[in-house]
Protein chains: 2
Amino acid sequence: MPAGAAPDAAQAAPATAPPRKPTVIDVARAAGVSPATVSNALNDRRYVDAGTRESVREAARRLGYTPNLRAQRLRTGQADSIALLSAMPFAVAAGPSRLGFLMEIAAVTATLAIERGLALVLVPPLDQPGPALQRLGIDGALVLEPLADDPNVAHLRARGVPVVTIGRQPGAENLAHVDLRSGETATLLLDHLRAAGARRTGLLIGGQPRNSYVETEAAYREFAACHGMPALVRRADEREGEAAGEAMAAAMLAEDPALDALCVPVDAFAVGAVRAVRASGRRVPEDVRLATRYDGLRARNCDPPLTAVDLHLDRIAELAVELMLEQLAGAPPRVSLAPLPDLVPRRSSVPAA
Amino acid sequence: MPAGAAPDAAQAAPATAPPRKPTVIDVARAAGVSPATVSNALNDRRYVDAGTRESVREAARRLGYTPNLRAQRLRTGQADSIALLSAMPFAVAAGPSRLGFLMEIAAVTATLAIERGLALVLVPPLDQPGPALQRLGIDGALVLEPLADDPNVAHLRARGVPVVTIGRQPGAENLAHVDLRSGETATLLLDHLRAAGARRTGLLIGGQPRNSYVETEAAYREFAACHGMPALVRRADEREGEAAGEAMAAAMLAEDPALDALCVPVDAFAVGAVRAVRASGRRVPEDVRLATRYDGLRARNCDPPLTAVDLHLDRIAELAVELMLEQLAGAPPRVSLAPLPDLVPRRSSVPAA
DNA sequence: GCAGCTTCCTAAAACGTTTTAAGAGGTTTC
DNA sequence: GAAACCTCTTAAAACGTTTTAGGAAGCTGC
């Protein structure tokens, strides 16, 4: 900046108006009332004379007044933003397996949040959760399908930030979450496969300690016991994507050649499983029926398209946001039950008509 | 509330401690210093004696003090967060066409932002941009491929929020943006198609006033003139997704049966175009070569996989964040040039070896 | 003529932080 | 021995809003 000019100009002549945003005080002055009345008038609170209200509004409009959010929030103590953390690496290899899932949740959550005056902060997976999370101005956090010992959740809870998880955290007590009802989802898929003619269904799930896998496996074992079916459960590493699914499915088919169906909740694995089935000389769905969980682009674009379930992610996101608002309001953690998913039958389990 | 009980209880016995969050004042009292010193000690500002600093830190830790972000933000005027707005509808039909694109940008941007102490707020497309955006506490906004008269951009600029667009806004002056070099991208694709044997290439772009289409069309017309090729440009409505692409591609093939290639930047349209080509009894790529722009799940999952370009979205996001930081620091708007994209040839333009 | 109710409005006190301006000691410099 | 300059600390003033606790005026009813 120029050396001698500034101080004089600033002191002597505020001729060129300093471009300060108008405040409630400016509006009050302009309308000839008190700041309190301006606040009441603009927020439809208390008794304010209709004429006064109009003139305040008019003054506010004329001055281009917009309330200072930070002041408003300090005063009211209301939340202004929540975070959405994915426990799953953002780019699972180059194959965006969970990307669709996360993104759908993010999209719906962002919409709901914004309608309630909350901003949704997207938090990518971090090497060091601590330092970066700390400086994040959030009032609460939504965590998607956390692992048993999720460091993000631990950090947030230690910090006293309200946490709501979508899908229960294995082993966690007293943590608000939306119960995804993975057991029932699994049963839905298994029943469908059976109705489609399957008599021997294998289960292929992910290797990380996620609650949905635990529940899915339990439901599967019960289903197997119920129907006198031998249980075959295998795990593959989610980080390896479709290839891991293909390899493990091939191993399962080799191990038990009588398998006539595979329940594969992880969509990337399911796509790999289709390849494995074909590589073994069998057909989908005539010889081996397939079903997966998340009905995303991957399931739909697969050849044949994969039978999946509509999890009603919009509703799930809504429940999560509700739980979050409750906690922000000081209520104790609570559990919400997600709606039961609906089956979306496709050609991977039922032959084309 | 009960009539007689409350006042007595409140006045006489705060036996059951009111669970109030500790403030800077509590810490000051505990450490035997003033609030100002607490602030200075915790934020490494000014001269604070090392011993004092430590005892303040200790007191803060003991009391479980965390600064009130709303107060901090009111005082400093900073929100430490920027928004990412997609100008494109979030769920383009049920097929998340741009979802991958936006998500890739969002993931990279979020990571970069967080490393710089900024939170990334995800803003979904809104029916009424005004009211919701107004309630958003952000310091700046990144807008993805804005339309010519984008209401979000208008709103933000009117509000005085620094805006950086990814892809120039058609018609906008003095707006910081990352130049996506869509013209050069188009030329890259057209050259590739020609090298693959195409002699008559049609162009199918989106109908909304987006700068990338303008540049793409210009590059195409120049290419056509250069090679003495008749120009055939058609537009389809992005909101209709693959179906619109299929219908328009079919119309183009009918109109000019000699077409032996289609350049289709919108990936959803390109997938539709594959179907149209086949429906007309032709083969991809032997009879009609196809190329699209964004190399996402859609392009890869298509049958045959679509030739596309690697836009280097990570670098683009980085440039955008840089521009944003500059503006936040008070620098004037500036333009950054994205790196040139790299071709990713696939079977939609070159037959399998 | 005053108690009690309404309706409209306001002064002042929050909310919890950072910053400003200044003060208290102490050391150095002329 | 006063002026100048450190280093450390603090009281008080912001930041811009909402809320609290009344107050003033105009009624009604006795």
Report summary line: Among strands (runs of 3 or more DSSP E) entirely within region B:148-217, at least 3 residues that are under 20 Å from the mean Cα position of the chain (by Cα), away from every other protein chain (no Cβ under 14 Å) and at pLDDT 90 or above occur in B:163-166, B:176-179
Report task. Select from region A:47-66 the residues that are crowded, with 19+ Cβ neighbours inside 10 Å and within 14 Å of chain B (Cβ to nearest Cβ) and list them in ascending order. Result -> A:60, A:65
Requested in this report: Mind counting the residues in region B:1-46 that are at pLDDT below 90, near DNA strand C (Cβ under 9 Å from one of its atoms) and away from every other protein chain (no Cβ under 14 Å)?
Outcome: 2
Query raised in the report: In region A:144-165, how many are in contact with a strand residue (DSSP E or B) (Cβ under 8 Å, 6 or more places away or on another chain) and over 19 Å from residue A:207 (Cα atoms)?
Result: 9
Report task. For residue A:119, state whether it is at pLDDT 85 or above, facing chain B (nearest Cβ under 10 Å), under 10 Å from the mean Cα position of the chain (by Cα) and over 16 Å from residue A:176 (Cα atoms). Result -> no
Report task. Please find, among B:272, B:241, B:245, the residue that is under 22 Å from residue B:308 (Cβ atoms) and in contact with a Phe, Trp or Tyr (Cβ under 6 Å, 6 or more places away or on another chain). Result -> B:245
**Report entry** Elements of type strands (runs of 3 or more DSSP E) in region B:239-352, at least 1 residues being of a type in the set (Ser, Thr, Tyr) and open to solvent by less than 30 Å² (accessible area, probe 1.4 Å)
**Finding:** B:289-294, B:307-310, B:335-337
Query - Failed item in (1) small (Gly, Ala, Ser); (2) in contact with a Phe, Trp or Tyr (Cβ under 7 Å, 6 or more places away or on another chain); (3) under 17 Å from residue A:122 (Cβ atoms), with residue B:186 passing the rest - result: (3)
Report task. Within region B:219-229, identify whether any single residue is in contact (Cβ under 8 Å) with a residue 12 or more places away in the chain and either touching a Pro at 6+ places or on another chain (Cβ under 6 Å) or surrounded by 24 or more Cβ atoms within 10 Å (Cβ to Cβ) (or both), and answer yes or no. Result -> yes
Requested in this report: Counting only residues that are under 38 Å from the mean Cα position of the chain (by Cα), free of Cβ contacts under 8 Å to residues at least 12 places away in the same chain and within 13 Å of DNA strand D (Cβ to nearest atom), give me the helices (runs of 4 or more DSSP H) lying completely in region B:14-82 with at least 1 of them.
Outcome: B:35-42, B:69-76
Query raised in the report: Residues in region A:137-164 that are buried (at least 24 other Cβ atoms within 10 Å of the Cβ) and under 25 Å from residue B:104 (Cβ atoms): how many?
Result: 6
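The values are calculated or read from the model by the stated rules, or taken from the named source; none is laboratory data. What you see is a predicted model, and the numbers here were worked out from it, not measured in a lab. When we count neighbours, we look across all protein chains shown, and the Cβ atoms used for this are built from the backbone with ideal geometry, even at glycine. Side chains are part of the model used for accessible areas, which takes the heavy atoms of the whole protein and leaves out ligands, DNA and RNA. Shrake-Rupley method; radii C 1.70, N 1.55, O 1.52, S 1.80 Å.
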